[in-house]
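Report on the structure given below.
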Amino acid sequence: MLRGAFENLERLAGGLGTAFMALITLVAWILVGAACLLGVGLLLVPLMVAVTRSVAERERARLHRLGVEIVTPYLLPRERVPGDWRGAMRAARADLATMRDLRWLAVHATLGFLVGVLGVLMPVSALREITYPLWWNLLPKHMQTTNFSIPVTTWPAAIATSFVGFGVLIGLLWLLPRLARLQARPALALLAPHPSIDLSERVARLTETRAGALRAHAAELRRIERSLHDGAQNRLMAVVVTVAAAKRALARDPARAVHAMDRAQAAAEQALAELRGVVRGILPPILADRGLSGALDAVAAGCSVPCSLTVGGLGHMPLSVETTAYFTVAEALTNVSRHSGARRAEVEVARMGATLRIVVRDDGKGGAREESGSGLAGIRRRVEALDGTMALSSPEGGPTVIEVELPCES
C-alpha cells in the first residue's frame with residue numbers, strides 16, 4: 001500500500017512538472033495573443049504551436065513511462081516553403097490535434113497544476129503534523145499552530161495534532177490515486193487521436209518513407225560494395241602481387257626488390273586512404289571526436305564559399321539524428337560550392353523542443369531542383385527516413401533556402 005502511495009506521489013510530481021511547463025506556455029500564448037491584436041504577434045504563432053506540441057509530447061512520454069500508451073495524433077506535415085507563416089497557420093488550424101492540444105494546455109496548466117500542488121503538499125503537511133510533538137515547544141508562541149492555524153500550546157494538543165496527521169496520511173492512501181487519475185484524465189481525453197481523424201494518411205506516408213529509406217540503404221550498400229571492389233580491393237591485390245614479386249627478386253636483385261616494396265607501400269597507402277573515405281561516407285569519425293557542433297564547424301570552415309555557422313543548444317540527440325544533420329549540412333554546402341555561384345552562405349542549427357531545425361541559405365543564382373542531380377533528393381531521403389521534413393525554396397535569381405526539421409527526442 002505504501003509503495004502504491006509513493007508511486008502515485010511520483011506521478012503527481014511528474015504531472016506537476018509538465019503542468020508547470022504548460023502554465024508557462026499558456027502565459028506565452030496569452031502574450032502572443034495580445035501581440036496579435038497589435039499586428040506583431042502572428043509571426044510567433046507557428047513557433048508557439050511547435051512549443052505546445054513539444055509540451056504535449058512530454059506529457060505523452062510521461063504517461064507512456066507509467067504504462068499508458070497515447071498514440072501521437074499529428075498528421076505528417078506536407079512540404080512547405082520556408083518563411084510561409086500563413087501556410088503554417090492554416091495547416092495548424094486544419095489539424096484537429098493542434099486545437100485539442102490547446103484545450104489540454106489550458107486544462108493542464110490550471111487544473112493539473114492545482115492537483116499536482118495539492119498532491120505534493122498534502123503528504124508534506126501530514127508529515128508536519130505527525131512530527132509536531134517533537135518540535136512544537138521550540139517554536140515562538142505565535143507560531144505554535146497546526147496547518148489549519150489552530151493554536152497548539154499544550155502537550156495533549158500537540159499529541160492530538162500528531163494523531164490528526166496520521167489520520168490525514170491514511171486518508172491520502174485513498175486520495176492520492178484518485179488525484180493522479182484526475183490529473184491524467186485531460187491528457188487521456190485530449191492528447192489521443194480524435195475519433196474523426198483518419199490516420200491512414202500518416203500510415204501511408206510512414207510506409208512510403210520507410211520504403212524510401214530501404215531503397216536508400218540498398219543503394220548505399222551497393223555504393224560501398226563498388227567502392228571496396230573497384231578501389232581498395234584492387235589496391236590490396238596489387239600489394240599482394242607486388243610483395244610476391246619482391247620476395248622472388250630479393251635474392252637475385254635486391255635493388256629491384258626494394259623498388260617493388262616501395263610500390264607495394266604506395267599501393268597500401270592508397271588502399272588505406274580509400275578505406276578511410278568509405279568509412280567517412282558511412283559514419284564520419286569527426287562526429288565521435290568533436291560532436292555535432294564541432295563537426296559542423298569543420299564542414300563550414302572547409303566550404304569554398306565564405307560560410308557563417310550558428311549553432312544553438314543542441315543537447316543530447318540520437319546518433320542517427322546527428323549523422324543525418326551532418327550529412328544534410330555537408331551536402332547542402334557542397335551544392336553551394338559547386339552549383340550556386342554564391343558569394344556567401346549561412347547555416348543555422350538549433351533545437352526547438354523535440355525538433356532539430358536546420359536552415360542553409362546562400363545568395364547564389366537559385367534555380368536548384370531536386371531532380372537535377374544536385375544531391376537534394378538524397379538529403380530528402382535521409383530526412384524522411386527519420387520522419388523529418390525538408391522544404392526547398394530556390395527561385396531563379398536566388399536566394400536558395402533549405403529548411404530541414406528532424407525529430408530528435410532522445
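The values are calculated or read from the model by the stated rules, or taken from the named source; none is laboratory data. Predicted model, so just to flag it, every value in this text is computed and none were measured. Cβ coordinates were reconstructed from backbone atoms using ideal geometry, including for glycine residues, and neighbour counts include every protein chain displayed.
Points to keep in mind about this one:
One line per residue, one yes/no per condition, for (1) β-branched (Val, Ile, Thr); (2) in contact with a Leu (Cβ under 8 Å, 6 or more places away or on another chain); (3) modelled with pLDDT under 70; (4) closer than 30 Å to GLU59 by Cβ:
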site	(1), (2), (3), (4)
HIS194	no, yes, yes, yes
ARG205	no, yes, yes, yes
ARG210	no, no, yes, yes
ALA213	no, no, yes, yes
MET237	no, no, no, no
VAL241	yes, no, no, no
VAL258	yes, no, no, no
ALA268	no, yes, no, no
ARG276	no, no, yes, no
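Conditions (1) of a type in the set (Val, Ile, Thr); (2) more than 30 Å from ARG58 (Cα to Cα), marked per residue:
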| position | (1), (2) |
| --- | --- |
| ALA295 | no, no |
| VAL311 | yes, no |
| MET317 | no, no |
| ILE358 | yes, no |
| LYS365 | no, yes |
| GLU370 | no, yes |
| SER393 | no, yes |
| LEU406 | no, no |
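- Residue in the stretch 51-70 that is under 22 Å from ALA184 (Cα atoms) and touching a Lys or Arg at 6+ places or on another chain (Cβ under 8 Å) present: yes
- On inspection, VAL168 qualifies as of a type in the set (Val, Ile, Thr), closer than 30 Å to ALA187 by Cα, surrounded by 12 or more Cβ atoms within 10 Å (Cβ to Cβ) and assigned by TED's automatic domain parsing to the domain that holds GLU10.
- Summed over the stretch 320-361, residues that are part of a helix (DSSP H, G or I), more than 17 Å from PRO306 (Cβ to Cβ) and of a type in the set (D, E, K, R) total 2.
- Test: ARG252 is of a type in the set (D, E, K, R), at pLDDT 65 or above, surrounded by fewer than 16 Cβ atoms within 10 Å (Cβ to Cβ) and closer than 16 Å to PHE327 by Cα: no
- Among the residues of the stretch 325-348, those that are surrounded by fewer than 22 Cβ atoms within 10 Å (Cβ to Cβ) and under 25 Å from the mean Cα position of the chain (by Cα) comprise TYR326, PHE327, ALA330, GLU331, GLU346, GLU348.
- Selected residue [acidic (Asp, Glu) and modelled with pLDDT of 85 or more] from GLU59, GLU79, GLU69: GLU59
- Residue ID - modelled with the lowest pLDDT, chosen from residues in the stretch 3-45 that are over 29 Å from the mean Cα position of the chain (by Cα) and either buried (at least 17 other Cβ atoms within 10 Å of the Cβ) or within 20 Å of VAL117 (Cα to Cα) (or both): GLY4
- Qualifying residue in the stretch 363-376 (condition: surrounded by fewer than 19 Cβ atoms within 10 Å (Cβ to Cβ) and either closer than 22 Å to GLY294 by Cβ or within 21 Å of the chain's Cα centre (by Cα) (or both)): no
- Evaluation of ILE159 against (1) modelled with pLDDT under 75; (2) assigned by TED's automatic domain parsing to the domain that holds LEU105 (one fails), failing number: (1)
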